[in-house]
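Worksheet: the structure to be examined is printed underneath.
Taken together, the values in this text are just the output of simple stated rules run on the coordinates, not laboratory data. This structure is a prediction, so every number in the text was calculated from the model and none was measured. A quick note on method: Cβ atoms are made from the backbone with ideal geometry, for glycine too, and the neighbour counts reach across all protein chains shown.
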Amino acid sequence: MKISNPYFIKLLVLFLVYFLTGKFGLSVNAVSGFASLIWFPTGIALASLLIFGVRLWPAIFLGAFTINFLQGATLPASLAIGMGNTLEALAGIYLLRKFGFDPAFRKLNDALLLIFMGAMLSTLISASIGIFSLYYFSGVISSSQEVINTFFAWWVGDMLSDLVITPLILAYAIRNNFKPNRFKPAKIFELFALYALTVITSLIVFGREFGIISRNMPIAYLVPPFIIWAVLSFSLRNVMNIVALISGIAIWGILNGNGPFVVGPLWQNLLILQGFIGVWTAVALILASIIAERRELEERKDDFISLASHELKTPVTSLKLYAQLLQKDSNKPKSRRSQINLFPKFNTQIDKLDLLVSDLLDISKINLNRLEFRKENFDLNELVKETVKIIKPELKGHQVQISGRIKNDVFADRFRIGQVITNLLTNAAKYSPDAKQIRVTLKDVKNFVSVSVKDHGMGINLDQQKKIFERFYRVRDNIESTFPGLGIGLYVSAVIVKKHNGDITVVSTPGKGSTFSFTLPKKSGKDL
Ligand code: ADP
């Protein structure tokens, strides 16, 4: 492998950063010589694997092994700790990915996943393996009290690292949707005030001058409002900067014996600080992600309202035009033929309006939890054929091939399932203007029946695939205006399918095409 190989360089950089920050952590303080409460490597490892991929795991293994070996752990203990730390990061990534973690923290789910799966759960692995190997292979800890103390220090140190360091790195590495009014002087002044007041207050609480006064006084509560201020007004990057700034000053204060958390031995003081920082960082991440979620929905809703009004206006304008034509020609007896010619056009526009209003009604019914289903037994094969026939004019010359067959009837709302099929077919035609083939496949899969619609169109990238079933979501780029739509069809379809205890999914390759599939439970009249 060449030294200039990008993978090798990343591996080397991660190893060095891991090693140096680890060394720093152990030099500041370490319970039983090995468990540091200031342990940056865990958060660095999780963030790096999230950003650059799990292929970088050897850097973590080598980093953890070397640090511990040089610290005096025996060879088997160092190997075991290296493995524990690597497994911790890999388990963290596995859990986060499994539950759909988005490193941009756009949803409450993302904050909760990092807190519970990343920070609290995955770190148990490294702490347990670490303590086990120190106890059995190195003999550096012997009493049960030492085991408990070392375990807690190890766990809390790793937990804090995932809570603070990971989002700090991610906030710089991942583009977030939030665009504050950066260039407004008032906002810049506010940002400056936030940083200045945070530093001043932290110095008062944890610093040398006032730190001695503040000992034994609970004045730490003066600091969290600045974190909340950052959350309410600025991006996640600033929030994490503020958390890092406060943590840095607090650690410096504690190392010098100052501040309200100095109550006993160093490791205990750091543990109290970590609890404080951990809780407030968790609160900040939760708040920030809720705000980001709300903001995105608001933006989408605004876009939706403007799109919906536009889509409603077009048919209304056409109808008005036809009405004027009729009125103008009404006195001319010879124009009867041209008047009759107008009627299909009237109908087309009225159908468009009808469709739009039904879509809007569906959304409001879903919001009010009033979408009702009239279930019956029917043949899904027939419904697919019938739907293809009805919507043929809307498919813009696309050919639909149907293959496969479902053996039994399904028990579902025929009209609503027809709506789902219509939506998938019209999307397949709409988003594949240059390909003319659409394939519908029907099959039985264990206890479910499955219908999939495959096109050879523009496809959808992985990030967007996660979102297209959400309310008002439309893929945003310059081609958006070419394809009319409100971004509610797939959302309504997903609600319909889920309410039938089925599932709807997409597999897609940008530039190659998409396959949307939905499943329904096989006919079982009673439990539905
Ligand atoms: P719309 O009214 O915008 O079509 P949908 O909810 O039906 O709303 O779809 C949401 C988004 O998903 C669309 O804006 C489009 O970008 C994308 N999409 C849906 N179906 C396809 C497809 N077959 N191929 C590519 N993109 C699709």
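Suppose each label sits 7 Å from its Cα in the direction of the beta carbon; what would the residue 466-residue 394 distance come out to in nanometres?
3.1
Across 20 Å bins from the origin, how do the percents of Cα pairs in the chain run, short distances first?
It works out to 18, 38, 29, 12, 2, 0, in whole percents.
Quick one: of the DSSP bridges fully inside the range 353-452, what percent are antiparallel, nearest 5?
The antiparallel fraction comes to roughly 60 percent.
Between the range 18-40 and the range 411-445, what is the separation of their alpha carbon centroids in Å?
Result: 57 Å between the Cα centres.
Suppose R0 equals 22 Å. What FRET efficiency, 1/(1 + (r/R0)^6) with r the Cβ-Cβ distance, do residue 173 and residue 54 give to the nearest 0.05?
Efficiency, rounded to the nearest 0.05: 0.85.
Send over the Kirkwood Rh of the range 54-146, from the inverse of the averaged 1/r over different Cα pairs, rounded to one decimal Å.
14.2
Let's see if you can work this out: charge +1 on each Lys and Arg Cβ, -1 on each Asp and Glu Cβ, no other charges. What is the dipole magnitude of the range 1-159 about its Cα centre, in debye to the nearest 20?
With Lys and Arg at +1 and Asp and Glu at -1, about 500 debye.
Would you list, by chain and number, the lysines whose Cα falls below 27 Å from the Cα of residue 187, excluding same-chain residues fewer than 8 positions away?
List returned: 107, 179, 301.
Restricting to DSSP H runs of at least four residues, report the calculated mean residue ellipticity at 222 nm for the chain, -39500 (n - 2.57) per run over all residues, nearest 500 deg cm²/dmol.
-20000 deg cm²/dmol
Can you give the extra length, in nm with one decimal, that the chain gains between residue 329 and residue 385 once fully stretched, where that is 0.36 nm per residue apart less the Cα-Cα distance?
Between residue 329 and residue 385, full extension yields an extra 16.0 nm.
For the range 258-399, what is the Kirkwood hydrodynamic radius in Å, using each pair of distinct C-alpha atoms?
Here the Kirkwood hydrodynamic radius works out to 22.2 Å.
Do you know the relative contact order of the chain, to the nearest whole percent, from alpha carbon pairs under 8 angstrom that are 6+ apart?
Value for the chain: 10 percent.
With a cap of 11 neighbouring Cβ atoms within 10 Å, and only residues DSSP puts in a loop, list the trypsin sites (Lys or Arg not before Pro) found in the range 327-371.
Answer in residue order: 370.
Express the relative contact order of the range 482-524 as a whole percentage, based on alpha carbon pairs under 8 Å and six or more residues apart in sequence.
Contact order relative to length: 31 percent.
Considering only C-alpha atoms, what is the centroid distance from the range 334-353 to the range 223-273, in Å?
Each part reduced to its Cα centre gives a spacing of 71 Å.
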